[in-house]
1. Determine the pairs where a residue that is touching a residue at least 12 places away in the same chain (Cβ under 8 Å), located within the stretch 56-83, has a partner that is surrounded by 16 or more Cβ atoms within 10 Å (Cβ to Cβ) and of a type in the set (S, T, N, Q) with Cβ atoms under 6 Å apart, the partner being 6 or more residues away or on another chain.
2. Yes or no: the stretch 119-142 includes at least one residue that is assigned to a loop (DSSP other than H, G, I, E, B) and either under 16 Å from Pro61 (Cα atoms) or under 20 Å from the mean Cα position of the chain (by Cα) (or both).
3. Hey, could you check the stretch 21-47 for residues that are assigned to a loop (DSSP other than H, G, I, E, B), within 18 Å of the chain's Cα centre (by Cα) and surrounded by fewer than 12 Cβ atoms within 10 Å (Cβ to Cβ) and say which is modelled with the highest pLDDT?
4. Of the residues Ile6, Ile16, which single one is surrounded by fewer than 16 Cβ atoms within 10 Å (Cβ to Cβ) and out of contact with any Pro (no Cβ under 9 Å at 6 or more places or on another chain)?
5. Within the stretch 66-88, which residues are open to solvent by less than 40 Å² (accessible area, probe 1.4 Å) and in contact with a strand residue (DSSP E or B) (Cβ under 6 Å, 6 or more places away or on another chain)?
6. Filter the stretch 48-65 for residues that are more than 16 Å from Cys110 (Cβ to Cβ), open to solvent by 20 Å² or more (accessible area, probe 1.4 Å) and not hydroxyl-bearing (Ser, Thr, Tyr) and give the result.
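The values are calculated or read from the model by the stated rules, or taken from the named source; none is laboratory data. Small disclaimer: the values here were computed from a predicted structure and weren't measured. Here the Cβ is made from the backbone with ideal geometry for all residues, glycine too, and neighbour counts use every protein chain on show. Heavy atoms of the whole protein, side chains included, go into the accessibility calculation; ligands, DNA and RNA do not. Shrake-Rupley method; radii C 1.70, N 1.55, O 1.52, S 1.80 Å.
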Amino acid sequence: MEKIRIKYTNQILERIKKISIGDWSDLRAAETVEMKAGEFRLIPLGVAMELPKGYEAHVVPRSSTFKHFGIIQTNGMGIIDESYCGDSDFWFFPAYALRDTKIDINDRICQFRIIKHQPEIMFEEVGILGNDDRGGHGSTGTK
């Protein structure tokens, strides 16, 4: 079993645990944040972590984040590699507000999972791949 060492910014912040269904763990706002529509903020998540060697964290919004708070993550997905592990390397959620909103301390706004680094790969240029075509972008239909 892999171990992640976590440093929290305050004692009020609820502690991280893996959700009961799935492979993700929720992250929470470490302070109350008010945002106006069109405003960008780095919302502190109140944690710094030491990931296991050979792993990185993928941070994404929860499925309900936009519905509840009207914010989106500006970079689509955050990648935190194992070298970002110092005592001051705290995690943030880069948020853009599409409406006026208030996020309270301990509100769950995003989630993360750890993934092994991509294996070493090599690119080989060819003139023909020799596989069947699927029919282009969106080729599996709508239903």
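1. Listed pairs, sorted by first residue: Pro61/Gln73; Arg62/Gln111; Phe69/Thr101; Gly70/Thr101.
2. Checking the stretch 119-142: not a single residue is assigned to a loop (DSSP other than H, G, I, E, B) and either under 16 Å from Pro61 (Cα atoms) or under 20 Å from the mean Cα position of the chain (by Cα) (or both).
3. If we take residues in the stretch 21-47 being assigned to a loop (DSSP other than H, G, I, E, B), within 18 Å of the chain's Cα centre (by Cα) and surrounded by fewer than 12 Cβ atoms within 10 Å (Cβ to Cβ), then Asp23 is modelled with the highest pLDDT.
4. Only one candidate passes the filter, namely Ile6.
5. Answer for the stretch 66-88, where residues must be open to solvent by less than 40 Å² (accessible area, probe 1.4 Å) and in contact with a strand residue (DSSP E or B) (Cβ under 6 Å, 6 or more places away or on another chain): Phe69, Gly70, Ile71, Gln73, Gly78, Ile80.
6. Those that are more than 16 Å from Cys110 (Cβ to Cβ), open to solvent by 20 Å² or more (accessible area, probe 1.4 Å) and not hydroxyl-bearing (Ser, Thr, Tyr): Glu50, Lys53, Gly54.
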